[in-house]
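Heads up, the thing below is written out as structure tokens.
The values are calculated or read from the model by the stated rules, or taken from the named source; none is laboratory data. All of these numbers come straight from a predicted model, not from anything done at the bench. Positions of Cβ are generated from backbone atoms using ideal geometry, with glycine treated the same way; all protein chains shown enter the neighbour counts. Only protein heavy atoms, including side chains, enter the accessible area calculation; ligands, DNA and RNA are left aside. Shrake-Rupley method; radii C 1.70, N 1.55, O 1.52, S 1.80 Å.
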Amino acid sequence: MSLVQEIDYGTPRAKAVKEVTLTIDGEPVTVPEGTSIMRAAMERGTQIPKLCATDMLDAFGSCRLCLVEIEGRAGTPASCTTPVATGMVVRTQTDRLKRLRRGVMELYISDHPLDCLTCSANGDCELQDMAGAVGLRDVRYGYAGEKHPNPGKDESNPYFTYDPPKCIVCSRCVRACEEVQGTFALTIAGRGFDSVVSPGMQESFLASECVSCGACVQACPTATLNEKAMYDIGTPEHSVVTTCAYCGVGCAFKAEMRGEELVRMVPYKDGEANRGHSCVKGRFAWGYATHKERILKPMIRAKVTDPWKEVSWDEAIAHAASEFKRIQAKYGKDSVGGITSSRCTNEETFLVQKLIRAAFGNNNVDTCARVCHSPTGYGLGQTYGTSAGTQNFDSVEQCDVAVVIGANPAAAHPVFASRLKKRLRQGAKLIVIDPRRTEMVQSPHIEAAYHLPLLPGTNVAVLTALAHVIVTEGLYDEKFIRERCDWDEFQHWAEFVSLPQNSPEAVAKLSGVRAETIRGAARLYATGGNGAIYYGLGVTEHSQGSTTVMAIANLAMATGNIGRPGVGVNPLRGQNNVQGSCDMGSFPHELSGYRHISIDSSRQLFEKDWGVTLDKEPGLRINNMLDAAVDGSFKGIYIQGEDILQSDPDTKHVSAGLEAMECVVVQDLFLNETARFAHVFLPGSTFLEKDGTFTNAERRIQRVRKVMSPKNGYADWEITLLLAKALGYAMHYDHPSQIMDEIARLTPGFANVSYQMLDERGSVQWPCNDKAPDGSPIMHVNGFVRGKGKFIVTEYIPTDEKTGPRFPLLLTTGRILSQYNVGAQTRRTGNSVWHSEDRLEIHPHDAEQRGIRDGDWVKLASRAGETTLRALITENVAPGVVYTTFHHPDTQANVITTDFSDWATNCPEYKVTAVQISPSNGPSRWQQEYEEFSRESRRITPLEAAE
Ligand code: SF4
Ligand code: SF4
Ligand code: SF4
Ligand code: FES
């Protein structure tokens with residue numbers, strides 16, 4: 001195996017359709033108009049020496065190494081900044097050019113320390129390569145670079161270093177931070193020999209606005225900005241292309257290895273979701289894979305108060321299987337169930353639901369999408385006929401108005417946020433609908449045209465008010481609606497939204513958003529060109545989550561913003577494979593491909609393939625399993641890669657449910673919070689240790705490739721096979737590709753998907769079958785999947801969770817950039833330097849009324865429970881609203897959240913909880929008890945001692 005090397009064409013691809021033919025070194029070349037000479041030369045295989053150019057960035061023209069001669073033109077222009085022209089005759093290699101380039105290189109090298117042999121980038125340095133390329137053999141001005149400024153090495157960032165003497169001031173890092181990432185954290189300070197890259201106001205990287213995305217490190221042609229692992233481990237010697245296991249953006253990376261050791265994750269330029277960019281999580285936060293707290297041996301215990309006992313795989317699997325069999329014999333077939341993981345691969349998820357349906361013989365299977373995007377599946381299924389987003393991420397490059405609702409992509413979907421911000425800097429307009437003044441509302445060179453800071457729980461009212469303006473002001477797209485939707489249903493809906501109670505003026509009172517802001521936003525979305533809606537959990541995690549999704553779908557149909565690039569309805573999915581886990585049949589009522597279990601023809605297809613009879617009744621959802629456990633009828637559960645105790649609402653209810661069960665089997669990397677109530681612990685494998693596929697928020701199926709052997713002994717799919725066999729239902733697969741073949745055989749939208757296809761093409765978006773052999777980048781192009789698009793009346797029904805004198809504030813929750821979900825992975829990496837605790841954001845007015853100062857401990861109480869955490873006073877939240885993250889188990893924000901949920905899907909109402917806050921001296925009693933229990937439940941007797 002060798003390192004995967006992508007070609008650097010020097011400047012970005014030109015988008016023009018018109019082509020231009022020129023001659024380079026005597027050969028004709030045809031390229032799109034606007035292409036640089038450098039890129040045109042590279043496309044025919046001629047690499048012109050370069051230092052300041054790279055195809056991730058616009059041409060800059062500062063290093064003067066890429067000089068060429070053009071017939072009929074004076075001088076030697078830079079090929080990176082000179083566009084091609086018809087009939088142009090270019091020479092890239094002449095004696096004069098060679099002499100000039102050597103002269104330029106001589107100056108660079110004279111200002112650079114010559115410590116190549118001991119440099120961390122030795123063998124991975126463009127300066128070194130270019131010195132060779134121009135044939136530099138001598139330097140007349142000395143080698144030491146002693147005039148170069150050296151303010152000292154900056155090692156403040158946990159993952160990379162900045163070593164100023166090695167800097168050639170090419171500005172690639174500064175431009176990457178601006179153009180690719182959009183953070184504008186870097187500048188070149190000083191002039192001439194004093195020029196130096198400076199984060200923020202000449203601060204350290206850690207103290208500056210830098211968000212550690214790694215784009216500058218990637219862009220740096222020298223070792224000035226270099227990963228610390230390159231110092232610690234050495235340069236990589238082979239690499240494997242794989243997919244990030246954090247969020248639903250699905251960035252492709254090259255895992256660069258030295259033997260079995262991962263040196264660095266480098267964003268892959270051919271990755272169609274990320275186009276060579278990354279965020280701090282995927283790029284750097286993979287250290288959890290080898291963290292000392294990772295559990296590598298299976299464990300069992302009779303009671304949850306006992307210490308864990310390490311056992312062999314055989315014993316653990318046999319014990320789990322016999323417990324499930326005993327429970328089913330005693331309490332009935334339906335007394336057990338399981339939860340699939342949205343962090344695991346499609347193949348692994350498919351196997352778990354197969355085990356439950358075929359080996360347990362019931363449909364008690366659910367997944368974490370229940371608590372995040374199940375309303376997306378329902379709402380888009382009802383209106384458009386398919387349970388997924390409509391676009392690819394490239395589509396954002398053609399949008400004119402972006403509406404971001406209930407999402408903070410800068411924190412939760414950072415690479416998508418960078419792509420959106422780039423489009424906004426090019427002139428697209430932005431509408432943000434969010435209770436918080438998120439980074440999307442205002443950040444360097446970005447300002448939302450409208451921010452609708454609505455009160456949590458009023459999404460439906462505000463979206464219907466937008467529709468009111470669009471309909472009553474005649475801004476809808478009648479041609480689109482008549483062609484693509486049911487006109488009578490539209491009229492019925494139009495009549496409803498036009499009612500006076502849905503006017504912006506009426507809605508302003510209950511939502512807190514000014515009527516003229518609602519009117520302005522509606523007009524902009526309807527008339528501003530291509531309108532694209534992006535939304536997150538601030539839409540779905542409400543008692544009216546499904547209604548809100550339908551209201552969004554209505555808006556897109558009414559304005560004709562569906563079925564072409566630049567528009568659409570785009571749920572930003574949370575976990576890496578939450579789209580996939582839904583597609584794979586993880587819900588109790590649906591087989592893979594969203595086919596209802598009660599439909600005989602669908603069920604029979606699976607029965608024939610699997611050789612079993614399936615139950616035609618839908619099984620229990622997660623919350624129903626927990627209810628049934630408390631009631632005494634549900635006794636055993638197999639949980640793969642999911643921490644329901646920390647991630648699900650109303651923690652006390654979850655713990656009561658788990659406590660009531662006789663066999664809880666947890667399969668995970670760490671002894672997570674749920675494992676406190678487990679009787680069997682099966683150590684899981686990381687995404688680096690297995691083959692498979694993930695499906696991202698664009699419906700894009702991408703390969704996950706094994707780069708190292710599983711440290712626990714087995715990949716997760718193999719563990720499920722062991723358990724199924726012990727339960728008496730053996731499944732036979734030698735490789736995950738065979739599981740994908742079965743998925744393709746049984747799932748119409750995946751019919752043409754195979755590992756061979758994915759390896760050849762890189763990735764594909766479902767549906768991918770005979771009707772769409774190349775996959776489906778954009779959905780509903782010539783018609784909706786369900787036939788006619790369906791307008792659905794979205795009446796606003798306020799949540800039952802109400803503020804009052806005891807609980808006068810509204811709590812809403814979200815994520816932070818550096819942490820991921822329940823934090824089990826990111827808390828075990830260097831990312832903790834940015835977020836070591838969950839804080840409660842409080843508006844200064846609310847804080848002052850209660851005598852709370854920044855950093856004080858506060859008690860946060862709701863009808864469900866109470867916890868304590870420290871205050872962060874900020875105007876990012878409106879008066880009356882407080883906000884926190886849920887990344888740390890010692891905070892347990894979900895002790896506070898209630899068990900209210902979406903009417904259609906039971907998705908919990910995380911985003912609205914009536915609370916009160918008050919000064920506090922320390923942890924609540926619940927937290928103290930929990931800490932004690934946590935310590936007790938993590939005791940382990942090692943295998944050697946147990947023998
Ligand atoms: S790591 Fe990213 S945010 Fe930080 S300076 Fe580099 S490009 Fe900018
Ligand atoms: S740090 Fe690297 S990318 Fe930035 S100016 Fe210096 S050499 Fe260029
Ligand atoms: S944006 Fe998401 S998928 Fe991409 S690197 Fe970050 S966490 Fe991974
Ligand atoms: S690469 Fe063209 S001027 Fe630097």
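Picking from K725, K711, which residue would you name as being among the basic types (K, R) and in a helix (DSSP H, G or I)?
Numbers: K711 fails: in a helix (DSSP H, G or I).
Sole residue among the options that is among the basic types (K, R) and in a helix (DSSP H, G or I): K725.
For (1) within 16 Å of ligand 2 (Cβ to nearest atom); (2) among the hydroxyl-bearing types (S, T, Y), each residue gets a yes or a no:
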| site | (1), (2) |
| --- | --- |
| L206 | no, no |
| N226 | yes, no |
| T243 | no, yes |
| A255 | no, no |
| M265 | no, no |
**Asked** Does the stretch 679-695 include one or more residues that are farther than 30 Å from D270 by Cα, open to solvent by 10 Å² or more (accessible area, probe 1.4 Å) and not hydrophobic (A, V, I, L, M, F, W, C)?
**Response** yes
**Request:** Read through the list (1) over 23 Å from P453 (Cβ atoms); (2) in contact with a Ser or Thr (Cβ under 9 Å, 6 or more places away or on another chain), then give the number of the only condition that N554 fails.
**Result:** (1)
**Prompt:** If only one of V174, V134 is within 14 Å of ligand 2 (Cβ to nearest atom), open to solvent by less than 30 Å² (accessible area, probe 1.4 Å) and on the phi < 0 side of the Ramachandran plot, which one is it?
**Reply:** V174
**Message:** Where the second residue is of a type in the set (K, R) and surrounded by 18 or more Cβ atoms within 10 Å (Cβ to Cβ) and the first is in contact (Cβ under 8 Å) with a residue 40 or more places away in the chain and lies in the stretch 436-453, which pairs have Cβ atoms under 7 Å and are six or more apart or on separate chains?
**Reply:** I446/K421; A449/K429
**Complete:** Considering the stretch 170-187, residues that are free of Cβ contacts under 8 Å to residues at least 60 places away in the same chain and touching a Ser or Thr at 6+ places or on another chain (Cβ under 9 Å), and then whichever is farthest from P409 (Cα to Cα), we arrive at T187
**Asked** What is the number of the single condition among (1) over 30 Å from L452 (Cβ atoms); (2) out of contact with any strand residue (DSSP E or B) (no Cβ under 7 Å at 6 or more places or on another chain) that S374 does not meet?
**Response** (1)
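Residue by residue, here is whether (1) in contact with a Gly (Cβ under 9 Å, 6 or more places away or on another chain); (2) of a type in the set (S, T, Y); (3) within 30 Å of P236 (Cα to Cα) holds:
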| position | (1), (2), (3) |
| --- | --- |
| L3 | no, no, yes |
| T11 | no, yes, yes |
| T35 | no, yes, no |
| C63 | no, no, yes |
| T76 | no, yes, no |
| A85 | no, no, no |
| I109 | yes, no, yes |
| L114 | yes, no, yes |
**Asked** List pairs: first in the stretch 785-810 and among the polar types (S, T, N, Q), second open to solvent by 60 Å² or more (accessible area, probe 1.4 Å), Cβ under 9 Å, 6+ apart or cross-chain?
**Response** T799/F900
**Item:** Every residue from the stretch 230-261 that is away from ligand 3 (no atom under 15 Å from the Cβ), open to solvent by 10 Å² or more (accessible area, probe 1.4 Å) and hydrophobic (A, V, I, L, M, F, W, C)
**Value:** I233, V240
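Would you point out which residue out of A730, A772, A726, A697 is more than 24 Å from the chain's Cα centre (by Cα), within 24 Å of A388 (Cβ to Cβ) and not charged (D, E, K, R)? Even if it seems obvious, please write down each step before you answer.
On the way: A730 fails: within 24 Å of A388 (Cβ to Cβ); A726 fails: within 24 Å of A388 (Cβ to Cβ); A697 fails: more than 24 Å from the chain's Cα centre (by Cα).
Checking each option against the conditions leaves just A772.
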**Request:** All but one of (1) touching a residue at least 12 places away in the same chain (Cβ under 8 Å); (2) assigned to a loop (DSSP other than H, G, I, E, B); (3) of a type outside the set (S, T, N, Q); (4) away from ligand 2 (no atom under 16 Å from the Cβ) hold for K292, so report the exception by its number.
**Result:** (1)
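In the stretch 525-540, which residue that is touching a Cys at 6+ places or on another chain (Cβ under 6 Å) and crowded, with 24+ Cβ neighbours inside 10 Å is farthest from G377 (Cα to Cα)? Please lay out each step first, then the result.
Within the stretch 525-540, the first condition is being touching a Cys at 6+ places or on another chain (Cβ under 6 Å), and the residues that meet it are 530, 532, 537, 540.
This time we only want the ones that are crowded, with 24+ Cβ neighbours inside 10 Å, so: 532, 537, 540.
Details: A532: 19, L537: 13, T540: 10 Å.
Checking each candidate, the answer is A532.
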**Request:** Can you work out which of the residues in the stretch 816-845 that are in a loop (DSSP other than H, G, I, E, B) and small (G, A, S) is nearest to P453 (Cα to Cα)?
**Result:** S818
**Enumeration of residues in the stretch 493-524 that are within 30 Å of E698 (Cα to Cα), crowded, with 19+ Cβ neighbours inside 10 Å and in contact with a helix residue (DSSP H, G or I) (Cβ under 9 Å, 6 or more places away or on another chain)** = W493, I518, A521, A522
**Message:** One residue is enough: does the stretch 394-414 have a residue meeting the conditions at pLDDT 95 or above, open to solvent by less than 10 Å² (accessible area, probe 1.4 Å) and in a helix (DSSP H, G or I)?
**Reply:** yes
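Filter the stretch 500-518 down to the residues that are of a type in the set (A, V, I, L, M), in a helix (DSSP H, G or I) and at pLDDT 95 or above and list them by number. Please lay out each step first, then the result.
Going residue by residue through the stretch 500-518, those that are of a type in the set (A, V, I, L, M) are 506-508, 510, 513, 515, 518.
Pick out the ones that are also in a helix (DSSP H, G or I) and you get 506-508, 510, 515, 518.
Hits for the stretch 500-518 are A506, V507, A508, A515, I518.
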**Message:** So A223 ticks every box in (1) open to solvent by 10 Å² or more (accessible area, probe 1.4 Å); (2) more than 30 Å from F694 (Cβ to Cβ); (3) in contact with a strand residue (DSSP E or B) (Cβ under 9 Å, 6 or more places away or on another chain); (4) more than 14 Å from ligand 1 (Cβ to nearest atom) but one. Which box is left unticked?
**Reply:** (1)
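When you scan the stretch 208-220, how many residues do you find that are open to solvent by 20 Å² or more (accessible area, probe 1.4 Å) and either more than 14 Å from ligand 2 (Cβ to nearest atom) or β-branched (V, I, T) (or both)? Break it down into steps so the answer makes sense when it comes.
Quick first cut of the stretch 208-220, residues open to solvent by 20 Å² or more (accessible area, probe 1.4 Å) only: 209-211, 218, 220.
Remaining after also requiring either more than 14 Å from ligand 2 (Cβ to nearest atom) or β-branched (V, I, T) (or both): 209, 211.
Counting residues in the stretch 208-220 that are open to solvent by 20 Å² or more (accessible area, probe 1.4 Å) and either more than 14 Å from ligand 2 (Cβ to nearest atom) or β-branched (V, I, T) (or both) gives 2.
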**Count of the stretch 174-193 residues which are more than 24 Å from the chain's Cα centre (by Cα) and within 9 Å of ligand 1 (Cβ to nearest atom)** = 2
**Fill in**
Cβ pairs under 8 Å, 6+ apart or interchain, first in the stretch 48-61 and over 11 Å from T81 (Cβ atoms), second within 16 Å of ligand 3 (Cβ to nearest atom) and of a type in the set (D, E, K, R), ordered by first then second residue, are D55/K269; M56/K269
**Of the criteria (1) touching a residue at least 60 places away in the same chain (Cβ under 8 Å); (2) closer than 27 Å to C399 by Cα; (3) open to solvent by less than 50 Å² (accessible area, probe 1.4 Å), which one V432 fails** = (1)
**Item:** Subset of the stretch 302-319 [in a loop (DSSP other than H, G, I, E, B) and at pLDDT 95 or above]
**Value:** V311, S312
**Prompt:** When the stretch 551-574 is examined, which residues are found to be more than 16 Å from V432 (Cβ to Cβ) and either part of a loop (DSSP other than H, G, I, E, B) or open to solvent by 10 Å² or more (accessible area, probe 1.4 Å) (or both)?
**Reply:** T559, G560, N561, I562, G563, R564, P565, G566, V567, R573, G574
**Request:** Within the stretch 188-199, count every residue that is open to solvent by 60 Å² or more (accessible area, probe 1.4 Å), without any contact (Cβ under 8 Å) to a residue 24 or more places away in the chain and either closer than 13 Å to C167 by Cβ or within 16 Å of ligand 4 (Cβ to nearest atom) (or both).
**Result:** 0
**Request:** Please find, among V240, V266, the residue that is of a type outside the set (S, T, Y) and within 16 Å of ligand 1 (Cβ to nearest atom).
**Result:** V266
